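Working notes, beginning with the structure itself.
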Amino acid sequence: MDKSEKNDIGLEKILSKSFCQYGATKFGYKAFLGVLLIILITSFSILSSQLTTSARLRKLMGRNWMLPVAVCNVFEPRSDFCEIEGDIRVEGKSSSIYFASSTDESWRIKPYARKGDNRAMNRVTELSIKSFLENDKQAEAPDCSMKHNTPAIIFSTGGYTGNQFHDFTEILLPLFLTSHHFHQEVQFLTTNSKPHWLKKYEPVIKQLSRYPTIGIDKEGDTIHCYQKVIVGLKHHKDLGVDPTKIPRGYSLTDFAKFLTMSYSLERSSAIKMDEKTGKKKPRLLLVSRKKTRRFTNEEEIVTMARDLGYEVIVGEPGVTATLSNFTHIVNSCDVMVAIHGAGCTNLLFLPSNAILIQIFPLGPLEKFGRRIYGEPALAMNLRYLEYKIKVEESSLVEQYPSDHDVFRDPRSFSKQGWSAVKAVYLDKQNVKLDIARFRGTLLEALELLHH
């Protein structure tokens, strides 16, 4: 075989191999196109079905339609929360909320931020949130009586309402976090409605919503319809804000500023004691109590504080003045002294750089008290001091022998639960401050006001 024949054979092999590769490639393209065609047909069928559903929903909801969305978070430790958009119908009589959807979904929620506390939650009505199929003629969703253009937020005024700490921790602060970004363009719906509670906090409610609050459990057969409803309130922590949980970046200081605006409070900062203040005295508020944990030597405390150079005011919210008036009294003061309890919540109305002095009665209360009052005070740019009483300053010495576990082992009551702690250390105890010893704490407060 000569050289030219060898070259022809080599070329033939190359061409044959190239043709085979081309054929395989051509076949691969055909297979790929076939699979792609199947995918496109399937996708078109799904899309067509979705468009048909959307068309039905648009027809159902009218011109201002939006696709139904229901996102519920029932895994937070303190509060359940649902955000619903679409065709929503609220029936207070049956405690039911219906929303149009192409799928069957339902939740049951108690809209109060004290989940896990059975005593509180037993006072809260459970709401049923359930979808209805838009093309189902047998759907149970009732017809609208009133249509609203604003979003709505549903919460309960049951639970522990009436206690100032719980009012702010479980309702007012969470309501601020949930609603403030609506800039008053939102309507509040309440269950377990208490008109006197709404009246008490009217300055706050009005700054969050320009619309009348509706007590849906008192509405009879009225069906309120909305396109956006939030059920439940966002709770971060007791009297506190976790900036990582809210995209708008609110802080407890923002809430305090909001309260300052709501109650038209005048002072933004506490007095600074220097030569410019002249004869002006710092004002001290002694938060009085008439039931448990009251000061039994209140007049001695007042006299001692005045001797140190304080202008002293004694007051109790709801007794000395209405809450609205009391907020102005608190805001006018530079130092607030309060026994551990709901009265400490008034720290929210103190001006920046003021001082909270928390008095701890006997009992395992310091860690809890620092968390719910001490930490919020610091988060609000306040100064924080505390005074822990000794056994001889407690009225419990008149009720129990000196070797009793009430004095020897307070932590043993913690092991029995909060009810055991409350029954002894909160409900049975009054305080008689050691005037000489407490004097040192008030001197420390004066020193802070100089810096």
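The values are calculated or read from the model by the stated rules, or taken from the named source; none is laboratory data. As the structure is a computational prediction, the values presented were derived from the model and not from experiment. Heads up, the Cβs are rebuilt from the backbone with ideal geometry, glycines too, and the neighbour counts pull from every protein chain shown. Heads up: the accessible areas ignore ligands, DNA and RNA and are worked out on the full protein's heavy atoms, side chains in. Shrake-Rupley method; radii C 1.70, N 1.55, O 1.52, S 1.80 Å.
Quick one: grab the alpha carbon gyration tensor of the stretch 191-309, order the square roots of its eigenvalues as a ≥ b ≥ c, and give me rounded if a/c is under 1.5, else prolate or oblate depending on whether a/b is larger than b/c.
Values: a/c = 2.70, a/b = 1.87, b/c = 1.45.
It comes out prolate by the Cα gyration axes.
Show me the trypsin sites (Lys or Arg not before Pro) within the stretch 80-157 that DSSP assigns to loop and that have at most 10 other Cβ atoms within 10 Å of their Cβ.
On the way: sites: Arg89, Lys93, Arg108, Arg114, Lys115, Arg119, Arg123, Lys130, Lys137, Lys147; in loops: Lys93, Arg114, Lys115, Arg123, Lys137.
Hits after loop and neighbour filter: Lys137.
Can you work out the Karplus-derived ³J(HN,Hα) for every residue in the stretch 200-210? Use 6.51 cos²θ - 1.76 cosθ + 1.60 with θ = phi - 60°, whole Hz, and x for glycine or proline.
Each residue of the stretch 200-210 in turn: 4, 9, 4, x, 6, 4, 5, 6, 9, 8, 8 Hz.
For the stretch 221-229, what does the Karplus curve 6.51 cos²θ - 1.76 cosθ + 1.60, with θ = phi - 60°, yield as ³J(HN,Hα) per residue in whole Hz, taken in order and with x for Gly and Pro?
Taking θ as phi minus 60°, the curve returns 8, 5, 10, 9, 10, 9, 9, 8, 9 Hz for the stretch 221-229.
Sequence-distant or interchain residues sharing an amide H contact under 5 Å with Asn430, placed H: which?
Under 5 Å from the amide H of Asn430 lie the amide H atoms of Arg293, Ser395, Leu396, each far enough along the sequence or on another chain.
Using a 1.4 Å probe on the protein heavy atoms only, what accessible surface does Glu375 show? Give it in Å² to the nearest 10.
Approximately 110 Å² for this residue.
Give the carbon-plus-sulfur fraction of the accessible surface of the stretch 320-447 in %, rounded to a whole number; probe 1.4 Å, heavy atoms of protein chains only. Present the calculation step by step, with values, prior to reporting the outcome.
Details: 2630 of 5310 Å².
That fraction is 49 percent.
Would you mind counting up the charge near Lys228? Only other residues with Cβ under 10 Å from its Cβ, with Lys and Arg at +1 and Asp and Glu at -1. Walk me through the numbers on the way to the answer.
Details: positive: none; negative: Glu83, Glu85.
Within the 10 Å Cβ shell, the charges total -2.
Tell me the per residue accessible area of the stretch 182-253 using a 1.4 Å probe; a whole number in Å² is fine. Before the final figure, lay out the partial values.
On the way: 3140 Å² over 72 residues.
That works out to 44 Å² per residue.
For Lys194, which aspartates and glutamates qualify as cross-link partners when the Cα separation must be under 16 Å and same-chain residues fewer than eight apart are set aside?
Asp167, Glu170, Glu202, Asp217, Glu219
Less than 11 Å Cβ to Cβ from Asp217, Lys/Arg counted +1 and Asp/Glu -1: what total charge do the surrounding residues give? Could you put the intermediate results ahead of the total?
On the way: positive: Lys93, Lys194, Lys218; negative: Glu91, Glu219.
Once all neighbours under 11 Å are counted, the net charge is +1.
Any of Lys93/Lys234; Lys200/Lys228; Lys290/Lys422; Lys237/Lys388; Lys93/Lys147 with alpha carbons more than 21 Å apart? Name them for me. Provide the component values of the computation, followed by the final result.
Numbers: Lys93/Lys234 25 Å; Lys200/Lys228 28 Å; Lys290/Lys422 17 Å; Lys237/Lys388 25 Å; Lys93/Lys147 17 Å.
Over 21 Å apart, Cα to Cα: Lys93/Lys234; Lys200/Lys228; Lys237/Lys388.
Could you give each residue of the stretch 427-440 its phi-based ³J(HN,Hα) in whole Hz, using Karplus coefficients 6.51, -1.76, 1.60 with θ = phi - 60°, and x for Gly or Pro?
Per-residue couplings from phi come out as 8, 10, 10, 10, 10, 10, 5, 6, 4, 5, 6, 5, 4, x Hz.
Counting heavy atoms of the protein chains only and a 1.4 Å probe, report the per residue accessible area for the stretch 277-340 as a whole number of Å².
Working: 2850 Å² over 64 residues.
Per-residue value: 44 Å².
Take the alpha carbon gyration tensor of the stretch 149-250, find the square roots of its eigenvalues, order them as a ≥ b ≥ c, and report rounded if a/c is under 1.5; if not, report prolate when a/b exceeds b/c, else oblate. All intermediate terms of the calculation are to be shown ahead of the outcome.
On the way: a/c = 1.82, a/b = 1.22, b/c = 1.49.
Since a/c reaches 1.5 but b/c is at least a/b, the shape of the stretch 149-250 is classed as oblate.
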